[in-house]
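Asks: Take a look at the following structure, please.
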Amino acid sequence: MRVALVHDWLTGLRGGERVLEVLAGMYPDAEVFTLVHVRGSTSPVIERLRIHASPLSAIPGVRTHYRKLLPLFPAAIQSFRLDGFDLVLSTHHAVAKSIRIAPHTPHLCYCFTPMRYVYDQADAYLGRGLRRTLSMPLVAALRRFDRRSAARDHVTRFVAISTTVAERIHRHYGRHAPVVAPPVDVDRIRPSGRPPEDFYLLVGGFVPYKREEIAIEAFRRLGRRLVVAGDGPRRTELSRSAPANVEFVGRVPDGALAELYARCRALVYPQEEDFGIVAVEAQAAGRPVIAFSRGGALDSVLGDRPPERGATGIFFDVASAACLAEAITRFEAIEAGFDSHGIRRHAERFAIPRFRTEISAEIDRCLANEPDPSPEPGPCVPTPDARATGRNFG
């Protein structure tokens, strides 16, 4: 088959690019189409493919400022025309699925989320004041553009990365999507076999919805040590106002991050993620997760049960420093009961071979032009009894 892989941008190796890397390994002769390509920023598996970038990629400074080009994204993605392909696979969170394709070409959209800037997290990105008011015509235009390309004559089949994203696809596009959790390279992360050290870990992206400020304020109140790994637009601002017990270590290599996972007491996870590969990676190291009870964490973290019943973390229900601080205190009261080996076994359910099997089955359904599945999205990870997680996946 001649396969086209469509990805919003290639400017770093984050969760979306990890998914693309696995798909690139499945289709080593595929061509990649993207808005912006910063050469060498992803992985050898991706970079060895034939990559086509839009005209936006030639703009000076685009590597760090590409998000500011949002109004230009629709025209840029539609500057491509995919003819002669047997299958189009788009990995989508902005405009990837909206690429122009030849009629009747099978198109599977593996959806990280409908465009968060104009739907569920518009307030976080645009605020509520004059900036939001002035941006509303652009938001409305982007929504119209996004919904037009969600019809079945353009996207043959949607597949969601989590139950939460499947619900968004139904709400915004009127389509039903099966759930296939993203691939997580759990083999490169292992429990240390030693007691954890006296610090908590936060892995930040430093964009508005990541909510790092909640964790920083909670640890200011508690006086516990918090190590913050990662980089992004808001890092400098947040680090300047952080207390001395919060240490910023910047972006770290994969090996160093795996070591931080294995050494920490728990991962602090204050954001609502579409899925959240970081939470699974921490569990692969045998470490519990203290997670906000919204979004993909409800699929990947087993909470609402005591540790001896197989919990892999605990949830907090209000996105505030006070509620997170209370959850950390609650965690410390039961910390000794968590089983690192059981947490590791749970993470193994999200391994790369499982993803390859499940996404291949969905690709076969797309090529066969099967109708959308039934309205009830199932759990994103096979469990002996999905009800045992204490969360409603249906």
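Asks: Restricting attention to the stretch 50-79, which residues are among the aliphatic types (A, V, I, L, M), surrounded by 13 or more Cβ atoms within 10 Å (Cβ to Cβ) and farther than 15 Å from Gly12 by Cα? Lay out the reasoning, then the answer.
Replies: Residues of the stretch 50-79 among the aliphatic types (A, V, I, L, M): 51, 53, 56, 58-59, 62, 69-70, 72, 75-77.
Add one more test, that the residue is surrounded by 13 or more Cβ atoms within 10 Å (Cβ to Cβ), and what stays is 51, 53, 56, 59, 62, 69-70, 72, 75-77.
Correct list: Leu56, Ile59, Leu69, Leu70, Leu72, Ala75, Ala76, Ile77.
Asks: The conditions are (1) of a type in the set (S, T, N, Q); (2) surrounded by fewer than 19 Cβ atoms within 10 Å (Cβ to Cβ); (3) part of a helix (DSSP H, G or I), and Ser192 fails exactly one of them. Which is it?
Replies: The number of the failed condition is (3).
Asks: A further question follows. Looking only at the stretch 264-277, which residues are over 18 Å from Ser320 (Cβ atoms), modelled with pLDDT of 95 or more and among the aliphatic types (A, V, I, L, M)?
Replies: If the condition is that a residue be over 18 Å from Ser320 (Cβ atoms), modelled with pLDDT of 95 or more and among the aliphatic types (A, V, I, L, M), then Ala266, Leu267 are the ones that fit.
Asks: Inspect all residues belonging to the stretch 217-231 and state whether any of them is within 21 Å of the chain's Cα centre (by Cα), buried (at least 19 other Cβ atoms within 10 Å of the Cβ) and of a type outside the set (Val, Ile, Thr).
Replies: Yes: one or more hits.
Asks: Filtering the stretch 342-377 down to residues that are among the β-branched types (Val, Ile, Thr) and surrounded by fewer than 19 Cβ atoms within 10 Å (Cβ to Cβ), which residue is nearest to Gln283 (Cα to Cα)? Working first, answer last.
Replies: Just the residues of the stretch 342-377 that are among the β-branched types (Val, Ile, Thr), to begin with: 343, 352, 357, 359, 363.
So of that shortlist, the ones also surrounded by fewer than 19 Cβ atoms within 10 Å (Cβ to Cβ) come out as 352, 357.
On the way: Ile352: 15, Thr357: 22 Å.
Result: Ile352.
Asks: To continue, here is another question. Please indicate, with yes or no, whether at least one residue in the stretch 183-205 is at pLDDT below 90 and either assigned by TED's automatic domain parsing to the domain that holds Cys109 or within 19 Å of the chain's Cα centre (by Cα) (or both).
Replies: For the stretch 183-205, residues at pLDDT below 90 and either assigned by TED's automatic domain parsing to the domain that holds Cys109 or within 19 Å of the chain's Cα centre (by Cα) (or both): present.
Asks: Can you find, within the stretch 85-94, the residue that is farthest from the chain's Cα centre (by Cα) among those that are of a type in the set (A, V, I, L, M, F, W, C) and surrounded by fewer than 24 Cβ atoms within 10 Å (Cβ to Cβ)?
Replies: First, the residues of the stretch 85-94 that are of a type in the set (A, V, I, L, M, F, W, C): 85, 87-89, 94.
Subset that is surrounded by fewer than 24 Cβ atoms within 10 Å (Cβ to Cβ): 85, 87.
On the way: Phe85: 28, Leu87: 24 Å.
Here the answer is Phe85.
Asks: Only one of Gly303, Gly295 is modelled with pLDDT under 95, under 18 Å from the mean Cα position of the chain (by Cα) and assigned to a loop (DSSP other than H, G, I, E, B). Can you tell me which?
Replies: Values: Gly303 fails: under 18 Å from the mean Cα position of the chain (by Cα).
After ruling out the rest, the residue left standing is Gly295.
Asks: Still on this model: Of the conditions (1) surrounded by 23 or more Cβ atoms within 10 Å (Cβ to Cβ); (2) of a type in the set (Phe, Trp, Tyr); (3) in a helix (DSSP H, G or I), Phe331 clears all except one; give me its number.
Replies: Answer for Phe331: the failing condition is (1).
Asks: Within the stretch 49-73, can you find the residues that are over 13 Å from Leu5 (Cβ atoms) and of a type in the set (Lys, Arg)?
Replies: Arg63, Arg67, Lys68
Asks: Condition test on Arg287, is it within 27 Å of Asp185 (Cα to Cα), touching a helix residue (DSSP H, G or I) at 6+ places or on another chain (Cβ under 9 Å), crowded, with 24+ Cβ neighbours inside 10 Å and among the basic types (Lys, Arg)?
Replies: Yes, satisfied.
Asks: Against the definition (in a strand (DSSP E or B) and either more than 18 Å from Arg18 (Cβ to Cβ) or in contact with a helix residue (DSSP H, G or I) (Cβ under 9 Å, 6 or more places away or on another chain) (or both)), how does Val252 come out, yes or no?
Replies: Judged against the criteria, Val252 is not a match.
Asks: Next up: Go through the stretch 1-117 and tell me which helices (runs of 4 or more DSSP H), entirely inside it, have 3 or more residues that are touching a residue at least 40 places away in the same chain (Cβ under 8 Å) and either of a type outside the set (Asp, Glu) or closer than 29 Å to Pro178 by Cα (or both). Lay out the reasoning, then the answer.
Replies: On the way: elements: 15-26, 44-47, 62-65, 73-77.
Counting at least 3 such residues, we get 15-26, 73-77.
The values are calculated or read from the model by the stated rules, or taken from the named source; none is laboratory data. This is a predicted model, so every value here is computed, not measured. Every residue, glycine among them, receives a Cβ derived from its backbone with ideal geometry; neighbour counts consider all protein chains shown.
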